[in-house]
Amino acid sequence: MEYEAFYKICFDALIEGLCIADEEGRIVMNNSAFEDIFGLDPGEATGKSIETFIPKTHREVHKHHFTSYFNHPKKFKKGKGREFYGLHKSGRILDLEIGLNFFDFEGKRYAKALISDISSRKEIQSEILESKRRLENEVDHRTRLLTETVAKLERANLLLKDEVQERIKAEKRARGAFKKEKELNRMQAKFLSMVSHEFKTPLSGILTSAGLIDKHNQQEFNERISKHVAIIKNLVLQLNDILDDYLFLEDSETGRYKFKSSQFVFCDLIGSIVEGAKDLLKPGQEIHTTLCKEPMIVYQDRKVVDIIIRNVLYNAIKYSPADSRIDVNVDVDDMIRIEICDQGIGIPEEAKDHIFDQFYRASNVLHIQGTGIGLNIVRGHLHRLKGEIEISSKENEGTKVRISMPTGSRSRDLESRSTSKKSDVMSASRNTI
Ligand code: ADP
């Protein structure tokens, strides 16, 4: 067997570059993989110093390592830590990994190196390192942003806590004020109710006397006396309505008023309210009534419904000028719907949110007599009757009030009996003292 040729083929079959150097650092033998790594022609490396294949800047260090290796030779496996730079024939710097061993032959010592080109691995490694660095920078950046955001949030949270505390305090104050106002209103209503009670008896006396004057006047009829008696009666009734409102206010505030539903013809009630209101009309003022065709029987608290409609209609008259028209439209189906429209002074924009407040009066009505409790009572009553009120108004053009309320649970049953029972139903009359 031709051993030399056999070993050469074996060495050339190695994937790693193989290189054998003597003590002077001269290459005595290398395989073709070694030549491939350094870009050499076949046989080009033989006899050359191994430093030829080390970059200039690293030659001194390499020389030192090489000498100390021959002084203390040992076996170094290829792997971690055994990396060095090589010089390609083209001048390119190579990243190499080396495994070292030594042997003696015919009294001379040789170093045997197995070399792998790890440039592409190193490139990938450095790419990985670079992306790791970028990632770390990004994480640092994001962490900084997050820390800033958390700090901002903490600051905002503190501010929010302060604000919440402030709001709680303000709410407490508002509640206290509301309680006081309620108490004040209650006391006011109580006082007004007491005074109203006191007024009722003398008023009743005035009305009786006015009636008597009227009666005595019938023998020697004096038109002027009769006219003034009518005025007195009318004014007493108006005053009585106001007192009724005050009394009702206290009764409903304290829950003393008990709702009493009864059956009645709804259009009769409207008719009597409109009839009663005619005494209040200014010269040339007219009320146009559109009633539902059916004489609808409803089951409601007649007194309360009367107060609701009367209050709204009287306002329409009171806040409209002479020669103006007031429309009262009534429709009764599953609900009672009343619409009262006037061509009066209207409600100023800023007053619209307050007109249901107790004792509130808009700035444009201060020269007109009023108490500011009518609409408050109306809304309270409608609330109890499960009804609603809606007001739309334009200053100096007029006001439209829409009221709706249920016909009452028994209205449907009663409807069938309405014709025969109609005569039993009380006809509405204006409240007397
Ligand atoms: P008042 O006794 O003052 O009429 P209300 O409670 O009935 O009290 O009404 C409250 C306020 O709403 C009135 O003072 C007035 O400013 C306004 N208002 C109510 N109805 C009308 C209307 N038809 N036209 C103009 N303003 C109205």
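The values are calculated or read from the model by the stated rules, or taken from the named source; none is laboratory data. Only a predicted model underlies this, so the values are computations on that prediction, with no experimental measurement involved. As a convention, Cβ positions derive from the backbone with ideal geometry for all residues, glycine included, and neighbour counts pool all protein chains shown. To get the accessible areas, we keep the full protein, side chains included, count just its heavy atoms, and leave off ligands, DNA and RNA. Shrake-Rupley method; radii C 1.70, N 1.55, O 1.52, S 1.80 Å.
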**OP:** Among the residues of the range 301-318, count how many are touching a strand residue (DSSP E or B) at 6+ places or on another chain (Cβ under 7 Å) and open to solvent by 10 Å² or more (accessible area, probe 1.4 Å).
**Re:** 1
**OP:** Give the residues of the range 252-268 that are over 12 Å from residue 328 (Cβ atoms) and assigned to a helix (DSSP H, G or I), sorted by residue number.
**Re:** 252, 253, 266, 268
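So which residues in the range 7-38 are assigned to a helix (DSSP H, G or I) and open to solvent by 90 Å² or more (accessible area, probe 1.4 Å)?
Answer for the range 7-38, where residues must be assigned to a helix (DSSP H, G or I) and open to solvent by 90 Å² or more (accessible area, probe 1.4 Å): 7, 8, 9, 36.
Looking at this structure, is residue 378 outside any strand (DSSP E or B) and within 8 Å of the ligand (Cβ to nearest atom)?
It is true that residue 378 is outside any strand (DSSP E or B) and within 8 Å of the ligand (Cβ to nearest atom).
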**OP:** Return yes when residue 204 is part of a helix (DSSP H, G or I), closer than 24 Å to residue 314 by Cβ and open to solvent by less than 50 Å² (accessible area, probe 1.4 Å) and no when it is not.
**Re:** yes
Original post:
When only residues in the range 99-117 that are within 15 Å of residue 35 (Cα to Cα) and open to solvent by less than 40 Å² (accessible area, probe 1.4 Å) count, which is nearest to the chain's Cα centre (by Cα)?
Top reply: 116
Original post:
Given (1) at pLDDT 95 or above; (2) touching a strand residue (DSSP E or B) at 6+ places or on another chain (Cβ under 6 Å); (3) open to solvent by 10 Å² or more (accessible area, probe 1.4 Å), where does residue 289 come up short, assuming only one miss?
Top reply: (1)
Original post:
Residues in the range 329-336: is at least one within 6 Å of the ligand (Cβ to nearest atom), among the hydrophobic types (A, V, I, L, M, F, W, C), at pLDDT 90 or above and buried (at least 17 other Cβ atoms within 10 Å of the Cβ)?
Top reply: no
Original post:
Taking the range 381-399 as the region of interest, how many residues are at pLDDT below 90 and within 10 Å of the ligand (Cβ to nearest atom)?
Top reply: 0
**OP:** For the range 337-370, enumerate the residues that are within 11 Å of the ligand (Cβ to nearest atom) and β-branched (Val, Ile, Thr).
**Re:** 340, 345, 347, 355, 365, 368
Original post:
How many residues does the range 202-258 contain that are more than 57 Å from the chain's Cα centre (by Cα) and touching a residue at least 60 places away in the same chain (Cβ under 8 Å)?
Top reply: 2
**OP:** Test residue 282 against the criterion of being free of Cβ contacts under 8 Å to residues at least 40 places away in the same chain and more than 24 Å from residue 381 (Cα to Cα), and give yes or no.
**Re:** no
**OP:** Those residues that are touching a Ser or Thr at 6+ places or on another chain (Cβ under 9 Å) and surrounded by fewer than 16 Cβ atoms within 10 Å (Cβ to Cβ), I need them from the range 39-77; list them, please.
**Re:** 39, 42
Original post:
How many of the residues in the range 17-49 are closer than 21 Å to residue 109 by Cα and free of Cβ contacts under 8 Å to residues at least 40 places away in the same chain?
Top reply: 11
Original post:
Looking at (1) open to solvent by less than 60 Å² (accessible area, probe 1.4 Å); (2) of a type outside the set (S, T, N, Q); (3) at pLDDT 95 or above, can you tell me which one residue 325 breaks?
Top reply: (1)
**OP:** State yes or no: is residue 327 acidic (Asp, Glu) and farther than 19 Å from residue 237 by Cβ?
**Re:** yes
